[in-house]
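Heads up, the thing below is written out as structure tokens.
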Amino acid sequence: MRQPTPHTALRQLDVLVGEWDLWALGRSVGPIRTEFAWLEGGAFLVQRADVGPETALPGEWGPNAPFPTVSLIGYDDTAEEFTACYADGRGVARVYRASMTDGTWRQWRPAPGFHQRFTATLGADGDTMEGRWEQSPDGEHWATDFDVTYARVGKP
């Protein structure tokens, strides 16, 4: 079967491709292995994350840990933004809008009672990202949910 032609905007996400270890709450959560890889000849980017035997999860994370997770990221050429379809091991499924601008990856979604947004900035070395997840009950008053650090462990 032939492959679709990827939209050129997807090339902005090339900086994410590879394997990363994710740490949260300082370094009290992690490492969580995260992989970004191209699908369908580059028409979509898949992000997968899962815990391993060496992953530390504090007690309050245990019952709510979402792993494994997967996001399928594509580009909407009429809205000129990315869309990430997310699913996890708890049965949660969400759709986020997303952007990549000047090395900053953002995802967000408005949802009654539980708005979310994520921001992570790629380090100058291209092998680290620092960011955070935030939540809001009304989309106006935001609080940090948790900070994250990504460290690249492998490139394709």
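The values are calculated or read from the model by the stated rules, or taken from the named source; none is laboratory data. In this text the structure is predicted, and so the values were computed from the model without any measurement. Every residue, glycine among them, receives a Cβ derived from its backbone with ideal geometry; neighbour counts consider all protein chains shown. These area figures cover heavy atoms from the full protein model, side chains too; ligands, DNA and RNA do not enter into them. Shrake-Rupley method; radii C 1.70, N 1.55, O 1.52, S 1.80 Å.
Would you please put 139-147, 28-36, 12-20 in order of how densely packed they are, using the mean number of other Cβ atoms within 10 angstrom per residue and starting with the highest? Provide the component values of the computation, followed by the final result.
On the way: 139-147: 12.0, 28-36: 19.9, 12-20: 17.4.
Result, highest mean first: 28-36, 12-20, 139-147.
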> Distance in nm between label sites at GLU54 and THR128, each 7 Å beyond Cα in the beta-carbon direction?
Replying inline: 1.9
> Quick one: length gained pulling ASP145 to CYS85 fully straight, 0.36 nm per residue minus the C-alpha distance?
Replying inline: 19.6 nm
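Quick check: at a probe of 1.4 Å, how many percent of the accessible area of the chain sits on carbon and sulfur atoms? Kindly include the intermediate steps, with their values, before the conclusion.
Numbers: 4470 of 8540 Å².
Carbon with sulfur: 52 percent of the solvent-accessible area.
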> How much area per residue is accessible in the chain when the probe is 1.4 Å and only protein heavy atoms are counted (Å²)?
Replying inline: 55
> What nm distance separates the two modelled labels at VAL17 and ARG94, each placed 7 Å from Cα along Cα→Cβ?
Replying inline: 2.8
>> What value in Å³ per residue do you get for the convex hull of the alpha-carbon atoms in the stretch 1-141?
In response: 147
> Which percent of Cα pairs goes in each bin when the distances of the stretch 106-149 are cut into 5 angstrom slices starting at zero?
Replying inline: 6, 24, 27, 18, 12, 7, 5, 1
> To the nearest Å, what is the center-to-center distance of the stretch 129-151 and the stretch 40-59, using C-alpha atoms only?
Replying inline: 18
